[in-house]
Amino acid sequence: MDQIKSFIDQHQDRFIQELIQLLKIPSISADSKFKGDVINAAEEVKLRLEEAGCTFVEICGTEGHPIVYGEKIISPDFPTVLVYGHYDVQPPDPLDLWDSPPFKPVIKKTETHPEGAIYARGACDDKGQFYMHVKAMEFMSKTDNLPCNVKFMIEGEEEVGSEHLGEFVRNNREKLQNDVILISDTGMIGKDIPSITTGLRGLSYVEVEVTGPNRDLHSGLYGGAVANPINILAKMIADLHDENNHITIPGFYDKVETLSDEERSKMAEAPFSLERYKKALDIEDVFGEKGYSTNERNSIRPTLDVNGIWGGYTGEGAKTVIPSKAFAKISMRLVPHQDWKEITKLFTKHFESLAPKGVKVKVSPHHGGQGYVTPIDTIGYQAASKAYEKSFGKTPIPYRSGGSIPIVSLFEEELHSKTILMGFGLDTDAIHSPNEHFGIHNFLKGIETIPWFYKYFTELSK
Ligand code: BES
Ligand code: MN
Ligand code: MN
């Protein structure tokens, strides 16, 4: 096992080139124009899994984008690790804010990544991260270091809500049977601060439509006499928070898990610089729910945010008009015990009640998912912790993330196994933003850490 470092030294240039090749494929799941590219990416993942030593690999079609499944089963007596990841990426827009084209990967050195980082859409989320597992697999199978069975499930619809993965999992429970699920699709606290994600937030995503008069109107002739849907929508949205930045939806906080003072003070020990945080975002101050720290606001507390808002005239020059309609997309990040379907209902009821008679309101739920917390007293967590100790020389810090991977709670329901979230991205890696990147140091550290997880998990399973 100690050969892992020299194996990486010897092959790292090729690993990086292979990742770059995968990053060149614009596998944007949200945009049907890229359907062919999504399939090309799946084919490439299949090929790489075969090269890495999987003895069986297939592309499983769904009503949407395909899922790549691969496995190497060495013996029914050994435990099985199921690796999940996604090869689809977010749309790269706005394109003009990228310093280099999103699907022409380049390596650049930065202050955070002096060894260089690969800039491309999907570099960190999630191609670069799931590819660490493919290369760790290559190492283990080529050097006779694979101690247990491995299954890979790499999907192509994560960024659009994993619409067809649930059905796939339900229909393939036997095939996907495992002892632990391993995912690298989250982050770590800092480059040299090994940390394991122990929580993910849930999500409820809705779109709202406010309709006033049956057509756009002259804003002089009608202005002041009929409800303007944009004015109304803006006020309705503003009403969703109070002066302490609490969400005003009745019942919204009823099931929110409350952490003990001890848990909160433990959380506060994690290294964090508010000054650096503000500087990185170019903001004078942070903003959020009264009574909570920044790290609490973005992990253990639920939120409500407008993701997009539109309506009326937005073209060049001026057009005096009262629009007929206004729209917004709203996401709510949820914490353990909040049920996303119930929250969606509470939102809908409350939002409709905020509207004056002069407008009609329509709320359409998009997608959602439950939050997740990983217990730290499992052999999965212990194996991960020991693996980081081996590669970083430090015990990793457990911490909860603000992001969501809704499918994780479904895995637990359907496959009855726990997920270990070994993320190697940094918050500053700009996932979903222009100039997304992934540090080469992080990429290689991931490849180095993963085989140790397999070793310790197998040993602890005995
Ligand atoms: N990998 C992210 C989630 C993530 C990132 C979790 C960093 C923790 C730390 C994932 O691809 C993602 O973007 N999820 C979406 C939800 C999905 C339903 C579109 C999200 O969190 O917005
Ligand atoms: Mn992701
Ligand atoms: Mn994502």
Test for GLU163: is it modelled with pLDDT under 95, within 16 Å of ligand 3 (Cβ to nearest atom) and either in contact with an Asp or Glu (Cβ under 7 Å, 6 or more places away or on another chain) or hydrophobic (A, V, I, L, M, F, W, C) (or both): yes
Residue check, ILE405 away from ligand 3 (no atom under 16 Å from the Cβ) and crowded, with 21+ Cβ neighbours inside 10 Å: no
Matching residues in the stretch 185-225 - criterion: being within 16 Å of ligand 2 (Cβ to nearest atom) and touching a Leu at 6+ places or on another chain (Cβ under 8 Å): ASP185, THR186, GLY187, MET188, THR197, LEU200, ARG201, GLY202, LEU203
Per-region count, the stretch 388-402, residues open to solvent by less than 30 Å² (accessible area, probe 1.4 Å), under 23 Å from the mean Cα position of the chain (by Cα) and either within 26 Å of TYR456 (Cβ to Cβ) or more than 16 Å from ligand 3 (Cβ to nearest atom) (or both): 3
Of all residues making up the stretch 361-380, the number that are within 26 Å of PRO194 (Cα to Cα), out of contact with any Gly (no Cβ under 7 Å at 6 or more places or on another chain) and surrounded by fewer than 21 Cβ atoms within 10 Å (Cβ to Cβ): 5
So PHE424, is it out of contact with any Ser or Thr (no Cβ under 7 Å at 6 or more places or on another chain) and at pLDDT 95 or above: no
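Yes/no per residue for (1) more than 18 Å from ARG170 (Cα to Cα); (2) in the same structural domain as ASP429 (by TED's automatic domain parsing); (3) more than 23 Å from the chain's Cα centre (by Cα); (4) modelled with pLDDT under 95:
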position	(1), (2), (3), (4)
CYS60	no, yes, no, no
HIS65	no, yes, no, no
ILE73	yes, yes, yes, no
THR80	yes, yes, yes, no
HIS86	yes, yes, no, no
LEU97	yes, yes, no, no
LYS108	yes, yes, yes, no
THR112	yes, yes, no, yes
Members of the stretch 408-428 found to be open to solvent by less than 10 Å² (accessible area, probe 1.4 Å) and either over 23 Å from THR303 (Cβ atoms) or free of Cβ contacts under 8 Å to residues at least 40 places away in the same chain (or both), listed by number: PHE411, SER417, ILE420, MET422, PHE424
Scope the stretch 82-101; condition touching a helix residue (DSSP H, G or I) at 6+ places or on another chain (Cβ under 9 Å), more than 16 Å from ligand 2 (Cβ to nearest atom) and open to solvent by less than 50 Å² (accessible area, probe 1.4 Å); matching residues: LEU82
Hits in the stretch 411-435 (condition: within 16 Å of ligand 2 (Cβ to nearest atom), more than 21 Å from ILE193 (Cβ to Cβ) and not aromatic (Phe, Trp, Tyr)): THR419, HIS432, SER433
Residue within the stretch 410-421 that is among the acidic types (Asp, Glu), more than 20 Å from HIS133 (Cα to Cα), within 14 Å of ligand 1 (Cβ to nearest atom) and assigned by TED's automatic domain parsing to the domain that holds LYS151 present: no
Residue in the stretch 431-445 that is of a type in the set (Gly, Ala, Ser), more than 16 Å from ligand 3 (Cβ to nearest atom), under 30 Å from ASN307 (Cα atoms) and in the same structural domain as LYS108 (by TED's automatic domain parsing) present: yes
Residue that is away from ligand 3 (no atom under 16 Å from the Cβ) and surrounded by 24 or more Cβ atoms within 10 Å (Cβ to Cβ), where the choices are TYR119, TYR131: TYR119
Number of the condition not met by PHE252 [criteria: (1) touching a strand residue (DSSP E or B) at 6+ places or on another chain (Cβ under 6 Å); (2) more than 30 Å from ASN40 (Cβ to Cβ); (3) of a type in the set (Phe, Trp, Tyr)]: (1)
Total residues in the stretch 20-41, condition in contact (Cβ under 8 Å) with a residue 40 or more places away in the chain, outside any loop (DSSP other than H, G, I, E, B) and out of contact with any Ser or Thr (no Cβ under 8 Å at 6 or more places or on another chain): 4
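The values are calculated or read from the model by the stated rules, or taken from the named source; none is laboratory data. This one's a predicted model, so the numbers in the text were calculated from it and none came from an experiment. Counting neighbours? That spans all protein chains shown, and the Cβs are built from the backbone with ideal geometry, glycine included. We work out accessible area using only protein heavy atoms, side chains counted, and drop any ligands, DNA or RNA first. Shrake-Rupley method; radii C 1.70, N 1.55, O 1.52, S 1.80 Å.
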